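Undergrad: Questions regarding the structure given below will be posed in turn.
Every read-out reported here was derived from the displayed coordinates using simple, explicitly stated rules and does not represent laboratory data. Computed from a prediction, not measured in an experiment: that's the story for all the values here. Here the Cβ is made from the backbone with ideal geometry for all residues, glycine too, and neighbour counts use every protein chain on show.
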Amino acid sequence: MTGSVVHQLEGAEGAFRAIVLDGGPGWMNPPSAAVYGTPSNGCPVRIHSRCLYGEIFESTNCDCRWQLQESLRIIRKHGSGVLVYLDQEGRGAGLFAKAEGYELSQKQGLDTFASYAALGYKADSRSYEDAAALLAQFDLTSVQLLTNNPAKISALEAAGIQAEMRQLVQPDPSRETVRYLAAKEVHGHAILPRPA
């Protein structure tokens, strides 16, 4: 990485700073973050991977859109924090792999983890090194990580940032989301959904 660019943005809930890492020539969608207030140790942080289906198409097959919105609510309520946004669609396998996984799941009744395995993709190939690099710019040594994924905790701690998991609890998951959350739980996520 060769540096970063920081600038102000206005939002419906007030102004925040955007920070974008420069990964060099040809990197079209580098890691970025929305920074609220003045982040300090113990502040809430969300590391979020892009999800076209949930965030833009508003699919209820996953909980990505809800996680993003709930994390922003918690960060704003706290008065400061960081939302790191990574271009890691389809748990790092990309959008086409994700689409293939969905198609196979619907044809054969598999969860997406099983579909990925059948298609030869890793269950999760995401990396969180760039997230740690972004957070390091704020001299953070400890954060409340808004996640149900222990892999994110491990990645930050490997980078020298103590991370306490603050789990996100689905308030009223749809039938499709319940199945998705159950599959994530089997694969190591600490899911605490409330009954629908």
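Undergrad: So how do 11-19, 74-82 stack up, highest first, on mean other-Cβ count within 10 Å?
TA: Order by mean packing, descending: 74-82, 11-19.
Undergrad: Let me ask something else about it. Which far-off residues, 5 or more places away or on another chain, put their amide H under 5 Å from the one on HIS48, with H placed in the peptide plane?
TA: Distant-sequence amide H within range of HIS48: VAL84, TYR85, LEU86.
Undergrad: List the equivalent ellipsoid semi-axes of segment 4-63 in whole Å, largest first, each obtained as the square root of 5λ for an eigenvalue λ of the Cα gyration tensor.
TA: 22, 19, 13
Undergrad: Take the Cβ-Cβ distance between GLU164 and ALA117 as r, set R0 to 45 Å, and report the resulting FRET efficiency rounded to the nearest 0.05. Numbers along the way, then the final one.
TA: Numbers: r = 32 Å, r/R0 = 0.70.
Between GLU164 and ALA117 the formula returns 0.90.
Undergrad: Continuing with the same structure: Rg and Dmax in Å for segment 1-124, alpha carbons only: what are they?
TA: Gyration radius and largest Cα-Cα distance of segment 1-124: 16.7, 48 Å.
Undergrad: Here's another thing I want to ask about it. What is the distance in Å between the Cα centres of segment 1-74 and segment 105-148?
TA: If you average the Cα positions of each part, the centres end up 15 Å apart.
Undergrad: Multiply the residue separation of ARG73 and THR60 by 0.36 nm, subtract the distance between their alpha-carbon atoms, and state the gained length in nm to one decimal.
TA: Values: separation 13, 0.36 × 13 = 4.68 nm, distance 1.96 nm.
Once the chain is fully extended between ARG73 and THR60, it gains 2.7 nm.
Undergrad: Same structure again: Modelled label-to-label distance, SER154 and GLN106, 7 Å Cα→beta-carbon offset: nm?
TA: A separation of 3.3 nm, rounded to one decimal place.
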